[in-house]
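Have a look at the structure below, then the notes.
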Amino acid sequence: MEWIRVFSPATIGNVGPGFDVLGLSVKHIGDIVEARKIDEGVVTTEIDSPMPLSTDANKNTAGIAAQEVLKLLRIKGGVELKIKKGMPSGSGLGSSAASACAAAYATNYLYGNILTKEELVLPATKAEEQISGAFFADNTAPCMLGGATLTRSCLPLDVTKIGSISNLVIVLVTPDIVVLTKDARDILPKQVSMQNFIFNMANSCLITAAFAKDDYSLFARSLHDAVIEPVRSSLIKGFDDVKTNALKAGADGMTISGSGPTVFAITDDLKKARFIEDAMLRSFLLHGVQAKSIITEVDNEGTRVILES
Ligand code: HSE
């Protein structure tokens, strides 16, 4: 084995009310990192990305995550990385987490698979922190572990996988707007009312139960966020109309993915999903916003090797 190729899926952070806590991994979209051992250091020799990304291994999340893993393994060797981005940065789909997870997993795999996937969430999250400016694992945990995950604590990092919902169909729509996570965090309120706290806590707990019980209907009833969505939706042109039209077209819920601008709607019916997707795209267009979309489902596997050569 010289080169290995690792895939890491896109993720939906927050999953509505579970700000920085709930996360969900999705199929058909993600980043690929190819890696091989070298004598020392971490180098990024190729980047295939729709957005400019630094090849300096100290400035991209893949390079930083690989260095963090080598530190944990306490070995002298290094890795060469090639990154293929399957989604743009700043899209709300956990782009920086995906590159970090793939590189962390690949580095560990090349050096004997010593660390568990759970242990690899920390180096990937540290890498993401350097780019986003905040430490949260609601993208890195589901990206690494697959399915839906929870973060109990950041320090020490304590994450757990909940489960999945087998008939959940997810319509992801990414408008052509850039929202930087840092900006989307800076506008959040410093305090919330007790009423909104209880509302979001109740819905987050029930989403957790829904993923543990594979219960679509419970998830659909619980996808409500009274704290973050009302503030961040102002960064997404057309959000209110897109949501109204998604629900009219049959969606059981719609909210922001991570810090946006991607939004996601849910249904348990693939045919309905196509109507919902069309309604959402047309609503964005009426606001002069081009958007890309994909219909997907939960990715249960998370980060994995897809090729060894
Ligand atoms: N929980 C983070 C946020 C996710 O919403 O800021 C960023 O993708």
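The values are calculated or read from the model by the stated rules, or taken from the named source; none is laboratory data. Please read these numbers as outputs of a predicted model, since none were measured by experiment. FYI the Cβ positions are ideal-geometry reconstructions off the backbone, even for glycines, and counts take in every protein chain you see.
Worth a mention:
- Restricting attention to the range 68-121, the residues that are under 16 Å from residue 140 (Cα atoms) and among the aliphatic types (A, V, I, L, M) total 13.
- Being surrounded by fewer than 19 Cβ atoms within 10 Å (Cβ to Cβ) and over 20 Å from residue 134 (Cβ atoms) is a property that residue 77 has.
- Taking the criterion of being under 30 Å from residue 231 (Cβ atoms), buried (at least 24 other Cβ atoms within 10 Å of the Cβ) and not aliphatic (A, V, I, L, M), the residues of the range 1-57 that qualify are 8, 9, 11, 13, 14, 16, 17, 18, 23, 25, 30, 31.
- When each of 25, 8 is tested for being within 14 Å of the ligand (Cβ to nearest atom), in the same structural domain as residue 125 (by TED's automatic domain parsing) and not in a loop (DSSP other than H, G, I, E, B), the lone residue that passes is 25.
- Test for residue 89: is it under 15 Å from the mean Cα position of the chain (by Cα) and at pLDDT below 95: yes
- Hey, residue 251 part of a loop (DSSP other than H, G, I, E, B) and either farther than 21 Å from residue 168 by Cα or not β-branched (Val, Ile, Thr) (or both) or not: yes
- Which numbered condition residue 16 fails, given (1) at positive phi; (2) more than 16 Å from the ligand (Cβ to nearest atom): (2)
- Odd one out for residue 207, checked against (1) outside any loop (DSSP other than H, G, I, E, B); (2) without any contact (Cβ under 8 Å) to a residue 12 or more places away in the chain: (2)
- Residues of the range 111-145 that are away from the ligand (no atom under 14 Å from the Cβ), over 13 Å from residue 72 (Cβ atoms) and buried (at least 24 other Cβ atoms within 10 Å of the Cβ): 144, 145.
- The residues listed here are 237, 190, 248, 182; of these, the one that is basic (Lys, Arg) and closer than 26 Å to residue 268 by Cβ is 248.
- Pairs where the first residue, in the range 161-189, is small (Gly, Ala, Ser) and the second is buried (at least 18 other Cβ atoms within 10 Å of the Cβ) and part of a strand (DSSP E or B), C-beta under 6 Å, 6+ apart: 164/298
- Of everything listed in (1) within 13 Å of the ligand (Cβ to nearest atom); (2) outside any helix (DSSP H, G or I); (3) buried (at least 18 other Cβ atoms within 10 Å of the Cβ), the single unmet condition for residue 172 is (1).
- Between 198, 228, 236, 207, the distinction of being outside the structural domain of residue 148 (by TED's automatic domain parsing) and away from the ligand (no atom under 15 Å from the Cβ) belongs to 198 only.
- Within the range 282-304, the set of residues being over 26 Å from residue 97 (Cβ atoms) and either in a strand (DSSP E or B) or of a type outside the set (S, T, N, Q) (or both) comprises 282, 285, 286, 287, 288.
- Members of the range 239-269 that are in contact (Cβ under 8 Å) with a residue 40 or more places away in the chain and either of a type in the set (Gly, Ala, Ser) or not assigned by TED's automatic domain parsing to the domain that holds residue 289 (or both): 246, 251, 253, 257, 258, 259, 260, 265
- Some residue of the range 165-174 being modelled with pLDDT under 95 and farther than 25 Å from residue 103 by Cβ: no
- Only a single criterion out of (1) in a loop (DSSP other than H, G, I, E, B); (2) in contact with a helix residue (DSSP H, G or I) (Cβ under 8 Å, 6 or more places away or on another chain); (3) free of Cβ contacts under 8 Å to residues at least 40 places away in the same chain is not satisfied by residue 108, namely (1).
- Tally, over the range 8-67, of residues that are more than 21 Å from residue 161 (Cα to Cα) and of a type in the set (Ser, Thr, Tyr): 6
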